[in-house]
1. Among all the lysines, which ones have a C-alpha under 25 Å from residue 151's C-alpha, if same-chain residues fewer than 8 places away are not counted?
2. Using 0.36 nm per residue, how much length does the chain from residue 68 to residue 56 gain when fully extended, once their Cα-Cα distance is taken away?
3. Cut-off under 16 Å on the C-alpha distance; same-chain residues fewer than 8 positions from residue 64 excluded. Which aspartates and glutamates are left, in chain and number order?
4. Which shape class, rounded, prolate or oblate, goes with the stretch 6-155 when its Cα gyration tensor gives a ≥ b ≥ c as root eigenvalues, a/c under 1.5 marks rounded, and past that a/b bigger than b/c marks prolate?
5. Quote to one decimal, in nm, the extra length available between residue 41 and residue 87 on full extension: 0.36 nm per residue of separation minus the C-alpha distance between them.
6. What FRET efficiency do you get for residue 11 and residue 134 if R0 is 35 Å and r is their Cβ-Cβ distance, rounded to the nearest 0.05?
7. 7 Å from Cα along Cα→Cβ at both residue 4 and residue 150: what's the point-to-point distance in nm?
8. Sorted by packing (mean other beta-carbon atoms within 10 Å per residue), highest first, where do 118-124, 4-10 land?
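Nothing in this text is a laboratory measurement; each read-out follows from the coordinates by a stated rule. Small disclaimer: the values here were computed from a predicted structure and weren't measured. Reconstructed Cβ throughout: ideal geometry from the backbone, glycine too, with neighbour counts over all protein chains shown.
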Amino acid sequence: MKDFKFDIDFDAGDFDLSQIEEIRIKEAVYLSLVLTGFSEDSYLSYTLVGKEFMQELNKTHKNKNYVTDVLSFPQYDDEGFIGIEGEDIFLGDIVICPERLQEQAGKYGHSYMRELLYISVHSTLHLLGYDHIEEEDKREMREMEKKIMAKLKEVHDDL
């Protein structure tokens with residue numbers, strides 16, 4: 001496996017994002033990259049927003065007028081990732097609504113941390129080109145999510 005570096009540009013806005021949460025998110029993203037075979041020097045942005053702004057983003061970009069948990073904005077086209085030769089690859093933007101994650105964690109009966117890490121894995125996979133529109137693609141994405149979450153669970157017993 002090729003050594004590579006990656007970074008996350010965090011913007012927590014009005015939300016508190018603890019150092020532990022940042023470390024765990026980086027771990028989830030890194031495992032997502034490694035287990036999918038991605039090994040290029042890269043970075044992404046990770047932004048936390050409130051419900052109103054998330055609903056506005058969802059309506060503007062997805063034509064869906066409701067609050068969603070996450071939106072992913074990959075930076076690639078049919079020829080691959082968009083970038084400048086010789087520079088780290090910008091994978092794209094992940095936008096998270098912590099309030100929605102908290103609601104979902106309660107609904108599904110697990111911790112906020114588990115929901116945050118799952119959504120981080122899910123959205124990273126979107127940045128890498130995975131989707132869940134077609135049934136076969138959905139199955140492939142879910143299998144990869146399970147594989148990554150199982151590796152995270154090996155290290156952390158709160159998932």
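1. 2, 5, 26, 107, 138
2. 3.3 nm
3. 52, 56
4. rounded
5. Full extension from residue 41 to residue 87 adds 15.7 nm.
6. With a Förster radius of 35 Å, E is 0.60.
7. 2.3
8. 118-124, 4-10
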